[in-house]
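A short write-up of the structure that comes next.
The values are calculated or read from the model by the stated rules, or taken from the named source; none is laboratory data. Since the model is a prediction, treat every value here as computed from it, not as a measurement. Counting neighbours? That spans all protein chains shown, and the Cβs are built from the backbone with ideal geometry, glycine included.
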């Protein structure tokens, strides 16, 4: 019965030659385009995708910074019964102080460090892609560059304020060869010049922005609007740099309006999936034990009749209690700012700009201008005009107080940064939670490790 | 066991012979040879008339005829793996029915060592463990094949991830071969490279626990009906598994299913009826007014005290552990198999039904499996076999383990609920839980966590004898197969749950569809030839493996009341979609030399390439070499008491595959404000990546005493790995988090000792005992990147230190000794493990088996007590051992209190894994009642995990909230408690 042997051997041989079993297909990602695909000759649609990607990366920090930094400045408590470390570690209970791989930030610094740098990286790739394609005009390239640099500058502020005196890297173009660590002052100087460069780009970008931005940029989605946004961010940077005159100059070119809506400003957008929901939204009176609540000190310090208190804080029907091994925390009020879970979240708004104006004037001893700016805020809050002393210190105190309520729990940690700017971190109360007020974070473990690795190679 | 009849028969025969006078005469003896355990005919048994050269072999139905040149004679029957049997025959009683008994020592069993060849165990140069069907499932009913390996394989560290029904087991052979992959062995079933992944269920997403590794899913070996398995060969390391090349770094399990046998068709039916109950409870704490005043904030005390007083007045305290975990599970298994065939065609057909509940309500595991294994001789020299298996498994694993915010985990939730508050529904209304975000009773009653798998495994094998003469033989073998899995998962939390009502879109359902197709193909030439006294065996061949996976997960939130269809959701979302493919190609050559079963040497080489490697077309070579010396087979061996003495040494290399996607630098797809965006990746592909490589040298010896009645096996191995994959974390300021690095190296060293033997071998009392002992030590010899911590929940709760010069299983945590350097609190790796197995046969009809395992050392990170401490429910919470006024639950040792060290606990345990007692009904009484209908009937009782002794505070020292992991596979977060399983069995052969 040789026929079987012959049959099998011949069919097997035929099989081997017909479909070479030794050949494997080179793999390409079946799920995603490669980064390489945009580095040269990108199409307009590809540039558009990167622009939208930058918007996405731009809001990456919101959850972590809102929850953590606002806890550090005791604007809120982020109560989380599922993980006590949101209480014990973030509040610095039992003398805990941030280490290089602290809870909630990990070895990379997480949402307060790695994430903003990812937005910056996105900006760099977008600029390269735009400049390396013949399909965009020079003006269009400048528009993309100016927009990117403005967002990047905003993002640089996050790690800079997170690490503060520990300094940050500003030159990050080469992933295997990042630039040196620069001081907070130098970093702010770098950010300011990045904004200026972006502004110059926008100046050479014509009038219309050539790509689509989300509804969060409504009112800012042409070149003029982006320029005004750029200058608003520059004003925030200026007061961090104590460049009071610079702040006023920037404000004049920004979207500040002394008579307009205080809430006007560019915003992060949120929507149902595939987008993401507003991470600060909680159903009122929800019977849950993970929720942002108003810090008791904020409630204790309110001015009678303050419209902001009524607008932003909701007294719950039942308090939220979370017990930790230090002390139980009781949250009586929750955040009421978001009517729905798709509500947009401004990342810089007119109200802040007017407060910057007040602060800059006060610092320059232009008290009348300072008071009139303060009164715009007070009037809107329905608490009447300012009647206190007109000394610089008194005015600054007043401005810092108004900032606590006007900018309460914004995705920035204003109170924490303000208290640090004026060296009054020790006035933030810890009696409610037996915690510690942090000044800043150490460089993330991954940065320390990279330096070790780099030194060894 | 039919031995009883055989002995009786022999006695009768001897009597008979004594009466008859011997008288020289020629007659023809004939008869049938069968296996005494299952009555299957044995083909190829050599039958010799003692003292003559007259020989024959039995045919495929076990029949033989043989001429005898005397009036009576003694026939000697020899068969590999069976005890040599002698029977007397004479002219008057020339027709015999001979039952042969399987040899207790396994030296003669055949072990598959190459991809196309096998070798006698006595000639093996590796410590390969073979677990037979009897070893695997002979004592009790175990849900999954991997669960049935506990204590049976020296060198295997097996860990059950939780007690949830339907599997979820991690096997690590000889320590770790990888830092980032699961370090789980490759599984080859009847030549098919089957999928043993733990597929995503989505539970961790819906409950907020985290990534898919916290799903507490089952590894897909759970689909295989363990009763179909004939044996499992365990190739523990590269020295034995080198010929498998890539994917064999963590060893190989070669599973062979049962085959048909020529002869009378045997129909076997088995039924198990059992119950499951919790193996161990942690206990809960009682409350007092003093404790309430200490635990709760002032504002809450009044309401808590009134609840407590009300409960005291009505004596209504709820022990939630008992309430949720204290249920009795019903365990039902039915098995039917038909085995038979003739000279040309043999078949084994089986069907099984498993329906096992869990100790948590509304959980359970169902499996339906049908199998047909068919072998057909197309011609004298061509044999085709096809094995087909369809399986459906339906698993409900409930809600336990980690969660975040949602409250959808029983154990996590009840850690915070005092026993004076009643969560049970009143008139169908579930009270809101004021202590956590959810009422776990409602989740248990109405939530769904289901995985439904449809799976088809097909293998084929074609053997062609191309050429044969006196001294040589050339065979061609082509085989391969297909493993197709379709897995539909559904995780559902209804809209009316407490936590869901607090959401903008209440009600959550996540439906997954995953498909995986593995195909493989192998062709080999095998050439055997003989030069004088040396037998050679050479094989060359090629292997091709293709793996395809895809999945689609859709999620709906804001569901209409009671609805689970995503179209009934307010927010409908494509939660994830993925696709992956991978192809491996291997070439192999192996040469074996055997000098009269005295000196056996093997040399081999495997060359592999894979398209997940940096260079898809580069072949990587994996050599092997081994040598075994059967000293007792040499003429100079004079020690009669030592019947076998075999020093052996083996060396080999293998690889661990590069995971799909490691070379990609891809843009992510995002959606914002209705626009599609592309994001720059946070991980850079490494286009120079190479497979992980392990090389191992093992040496040892096997010794047999008293005609191999007692066997001793000792093995020492050193397994070194290099090019281990790990994430190289870049400066996060570059916007890139990591890339894959190929730089780490590790070393595993260990001992494996085995002593087995028949201690007593009397007619009415037979006792076989086996003692195994093993240990493994692991060390990172090179890291290449800065040391880092990884796994579990960070330094505050205990994590793992990956650093040159320490074991990667080292557990570290707060307090920090210096910035970035943390206190070492423990080590996850057991110090050593031992198992002791005993089989006793009493009065021939009673079989008693007991398997005990003791694991010494190895620490767990027990975060279940972290939770119960947080909720004041740990037993003894309010005690104050040091009398400082701070209750123990707020102040855990070691001082300075409340560091990570408090959760790192010794997980030493002793478990009675299996115990079984069976009674085989005497054939006479069967025949009386049922005529010839019933060939054999057996009844028995057994237990699985019947006893646990441990100081560990937790449901089971074996637990892993992160599933099958290289590291971090010992983290305890409110798991599904393990069950003690007790069975009644009945087994009937027709």
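Condition first: over 30 Å from residue B:869 (Cβ atoms) and out of contact with any strand residue (DSSP E or B) (no Cβ under 7 Å at 6 or more places or on another chain). Now tell me which residues in the range B:415-454 satisfy that.
From the range B:415-454, those over 30 Å from residue B:869 (Cβ atoms) are B:426-429, B:448, B:450-454; that's our starting set.
Listed by number, the residues that qualify are B:426, B:427, B:428, B:429.
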Margin query: Exactly one of these conditions fails for residue A:91: (1) more than 8 Å from chain B (Cβ to nearest Cβ); (2) at positive phi; (3) over 19 Å from the mean Cα position of the chain (by Cα). Give me its number.
Written below: (2)
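Here is a yes/no grid of residues against (1) at the interface with chain A (Cβ under 10 Å from one of its Cβ atoms); (2) out of contact with any strand residue (DSSP E or B) (no Cβ under 7 Å at 6 or more places or on another chain); (3) modelled with pLDDT of 95 or more:
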site: B:515; (1), (2), (3): no, no, yes
site: B:518; (1), (2), (3): no, no, yes
site: B:526; (1), (2), (3): no, no, no
site: B:532; (1), (2), (3): no, yes, no
site: B:552; (1), (2), (3): no, no, yes
site: B:571; (1), (2), (3): yes, no, yes
site: B:592; (1), (2), (3): no, no, no
Margin query: Can you pull out every residue in the range B:365-416 that is within 12 Å of chain A (Cβ to nearest Cβ) and within 30 Å of residue B:208 (Cβ to Cβ)?
Written below: B:402, B:403, B:404, B:405, B:406, B:407, B:408, B:409, B:412, B:413, B:415, B:416
Item checked: residue A:320 vs. criteria out of contact with any helix residue (DSSP H, G or I) (no Cβ under 9 Å at 6 or more places or on another chain), in contact (Cβ under 8 Å) with a residue 24 or more places away in the chain and surrounded by 19 or more Cβ atoms within 10 Å (Cβ to Cβ) -> yes
Item checked: Matching residues, the range A:197-218, being surrounded by fewer than 16 Cβ atoms within 10 Å (Cβ to Cβ), closer than 24 Å to residue A:350 by Cβ and out of contact with any strand residue (DSSP E or B) (no Cβ under 9 Å at 6 or more places or on another chain) -> A:203
Next item on the list: Restrict the check to the range A:167-184 and report whether at least one residue is part of a helix (DSSP H, G or I) and within 14 Å of another protein chain (Cβ to nearest Cβ).
Entry: no
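May I ask you to verify whether residue A:72 is touching a helix residue (DSSP H, G or I) at 6+ places or on another chain (Cβ under 9 Å) and either within 12 Å of chain B (Cβ to nearest Cβ) or free of Cβ contacts under 8 Å to residues at least 12 places away in the same chain (or both)? Full working, then the answer.
Values: touching a helix residue (DSSP H, G or I) at 6+ places or on another chain (Cβ under 9 Å): yes; either within 12 Å of chain B (Cβ to nearest Cβ) or free of Cβ contacts under 8 Å to residues at least 12 places away in the same chain (or both): no.
No, not satisfied.
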Next item on the list: Kindly list the number of the only condition in (1) at pLDDT below 80; (2) farther than 30 Å from residue B:919 by Cα that fails for residue B:55.
Entry: (1)
Check: Only one of (1) facing chain B (nearest Cβ under 8 Å); (2) modelled with pLDDT under 95; (3) not in a loop (DSSP other than H, G, I, E, B) fails for residue A:7. Which number is that?
Finding: (1)
Item checked: strands (runs of 3 or more DSSP E) contained entirely in the range B:784-876, each with at least 1 residues that are under 30 Å from residue A:89 (Cα atoms) and touching a residue at least 24 places away in the same chain (Cβ under 8 Å) -> B:788-790, B:799-802, B:810-818, B:821-827, B:859-862
Notebook entry, point to check: Considering the range B:647-667 alone, what residues qualify as being touching a strand residue (DSSP E or B) at 6+ places or on another chain (Cβ under 6 Å) and touching a residue at least 60 places away in the same chain (Cβ under 8 Å)?
Noted result: B:648, B:649, B:650, B:651, B:652, B:653, B:654, B:655, B:656, B:657, B:660, B:662
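Just one of B:474, B:482, B:466 is at pLDDT 95 or above, touching a strand residue (DSSP E or B) at 6+ places or on another chain (Cβ under 8 Å) and either more than 30 Å from residue B:192 (Cβ to Cβ) or assigned by TED's automatic domain parsing to the domain that holds residue B:954 (or both); which is it?
On the way: B:474 fails: at pLDDT 95 or above; B:466 fails: at pLDDT 95 or above.
Going through B:474, B:482, B:466 in turn, the sole match is B:482.
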Next item on the list: Return the pairs, sorted by first residue and then second, in which the second residue is exposed (fewer than 13 other Cβ atoms within 10 Å of the Cβ) and not in a loop (DSSP other than H, G, I, E, B), the first residue lies in the range A:21-37 and is within 7 Å of another protein chain (Cβ to nearest Cβ), the beta carbons are less than 6 Å apart, and the residues are 6+ apart or on different chains.
Entry: none
Margin query: If the requirement is being within 20 Å of the chain's Cα centre (by Cα), modelled with pLDDT of 95 or more, assigned to a helix (DSSP H, G or I) and over 30 Å from residue A:264 (Cβ atoms), which of these qualifies: A:195, A:163?
Written below: A:163
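Considering the range B:897-925 alone, what residues qualify as being out of contact with any strand residue (DSSP E or B) (no Cβ under 7 Å at 6 or more places or on another chain) and assigned to a loop (DSSP other than H, G, I, E, B)? Talk me through it step by step, then tell me what you get.
Going residue by residue through the range B:897-925, those that are out of contact with any strand residue (DSSP E or B) (no Cβ under 7 Å at 6 or more places or on another chain) are B:897-898, B:902, B:922-925.
Scanning the range B:897-925 gives B:897, B:898, B:922.
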Note to self: So, residue B:544, is that one touching a helix residue (DSSP H, G or I) at 6+ places or on another chain (Cβ under 8 Å) and buried (at least 17 other Cβ atoms within 10 Å of the Cβ) or not?
What the structure shows: no
Checklist line | strands (runs of 3 or more DSSP E) enclosed by the range B:159-241 - at least 2 residues per element that are surrounded by fewer than 23 Cβ atoms within 10 Å (Cβ to Cβ) and in the same structural domain as residue B:251 (by TED's automatic domain parsing) | finding: B:229-235
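What are the residues in the range B:767-783 that are more than 29 Å from the chain's Cα centre (by Cα) and crowded, with 19+ Cβ neighbours inside 10 Å, if any?
Just the residues of the range B:767-783 that are more than 29 Å from the chain's Cα centre (by Cα), to begin with: B:781-783.
Selection gives B:783 alone.
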Next item on the list: Tell me which of these residue B:762 doesn't satisfy, since it passes every other one: (1) in contact with a strand residue (DSSP E or B) (Cβ under 8 Å, 6 or more places away or on another chain); (2) free of Cβ contacts under 8 Å to residues at least 24 places away in the same chain.
Entry: (1)
Note to self: Name the residue that is nearest to residue B:521 (Cα to Cα), counting only residues in the range B:559-575 that are in contact with a helix residue (DSSP H, G or I) (Cβ under 9 Å, 6 or more places away or on another chain) and assigned to a strand (DSSP E or B).
What the structure shows: B:575
Check: If a residue has to be within 14 Å of chain B (Cβ to nearest Cβ) and over 25 Å from residue A:60 (Cα atoms) to count, how many in the range A:289-313 make the cut?
Finding: 1
Next item on the list: Quick one: which residue in B:358, B:283 is surrounded by fewer than 16 Cβ atoms within 10 Å (Cβ to Cβ), in contact (Cβ under 8 Å) with a residue 12 or more places away in the chain and either in contact with a helix residue (DSSP H, G or I) (Cβ under 9 Å, 6 or more places away or on another chain) or more than 14 Å from chain A (Cβ to nearest Cβ) (or both)?
Entry: B:283
Notebook entry, point to check: Among B:389, B:439, which is within 28 Å of residue B:861 (Cα to Cα), at pLDDT 95 or above and within 36 Å of the chain's Cα centre (by Cα)?
Noted result: B:439
Check: Given the residues B:647, B:657, which is the only one that is under 36 Å from the mean Cα position of the chain (by Cα) and surrounded by fewer than 18 Cβ atoms within 10 Å (Cβ to Cβ)?
Finding: B:647
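Would you confirm whether or not the range A:56-64 contains a residue that is more than 8 Å from chain B (Cβ to nearest Cβ), at pLDDT 95 or above and assigned to a loop (DSSP other than H, G, I, E, B)? Walk me through how you get there before you give the answer.
If we filter the range A:56-64 for residues that are more than 8 Å from chain B (Cβ to nearest Cβ), which is where we start, we get A:58, A:60-64.
Remaining after also requiring at pLDDT 95 or above: A:58, A:60-64.
Now restrict to residues that are assigned to a loop (DSSP other than H, G, I, E, B): A:60-61.
Yes - at least one qualifying residue is present in the range A:56-64.
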